[in-house]
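The numbers here are math on the coordinates, done by the rules we state, and not lab data. This is a predicted model, so every value here is computed, not measured. When we count neighbours, we look across all protein chains shown, and the Cβ atoms used for this are built from the backbone with ideal geometry, even at glycine.
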């Protein structure tokens, strides 16, 4: 939830793209949908066990690159999926990459629009070419709801979004909690 209202920035050879983070989803090691569930470390998921602030980028269903930020201590296996962005910079470049105007309303769409590559897995997102810039608390109300796009752990209210933001992937069917605030 603390990533909501921050800005994801990617400086690539093609140019800079950025977007305000408007939706995230949390995954913890005791969660059956988490890649670290039952502490099963593999070559694919090794980055989720890295120190906090690392990009965990992986291929979902062999098609979509997904970007997570590792969020707990080294060895814990916990990350936050960035689900949606409100495009800020490089909209023309994002549109060219996506081939359509629907740019960042889903985790696979936003990585395509931002040009995030699998090779960025493990990169420190506190600096470098792919980074998260801290911003003040978002003006919109923060909601929690159940997660989507998974088959296990769907009852967990660990999807966080900015209320009524047009760039969220899917509007919530039910709200678990309202008026949440970031810890920093």
Query raised in the report: With each label point set 7 Å from Cα along the Cα-Cβ vector, what nm distance links residue 155 and residue 16?
Result: 4.6
Query raised in the report: Distance in nm between label sites at residue 38 and residue 170, each 7 Å beyond Cα in the beta-carbon direction?
Result: 2.6
Requested in this report: Report the residue, chosen from 29, 52, 166, that carries the largest GNM mean-square fluctuation when the chain is represented by alpha-carbon nodes joined by springs under 10 Å.
Outcome: 166
Query raised in the report: In what order do 97, 46, 147 fall by count of nearby beta-carbon atoms within 10 Å, going from fewest to most?
Result: 46, 97, 147
Report summary line: If one builds a Gaussian network model of the chain from Cα atoms under 10 Å apart, the most fluctuating residue listed among 169, 119, 78 is 119
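Based solely on its DSSP helices, what 222 nm [θ] is calculated for the chain when runs of n ≥ 4 H residues each add -39,500 (n - 2.57) and the sum is averaged over all residues, nearest 500 deg cm²/dmol? Let's see the in-between values first.
On the way: 2 runs with 16 residues, N = 184.
So the helix-based figure for the chain works out to -2500 deg cm²/dmol.
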Query raised in the report: Hey, in the GNM for the chain with a 10 angstrom Cα cutoff, which one of 156, 110, 130 fluctuates hardest?
Result: 156
Query raised in the report: Which label belongs to the value computed from this structure, given these candidates for log10 I(q)/I(0) by the Debye sum over Cα atoms at q = 0.09, 0.12, 0.19 Å⁻¹: (1) -0.32, -0.54, -1.21; (2) -0.34, -0.61, -1.49; (3) -0.28, -0.51, -1.38?
Result: (3)
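Listing 82, 48 from the residue with the fewest other Cβ atoms within 10 Å to the one with the most, what is the order?
48, 82
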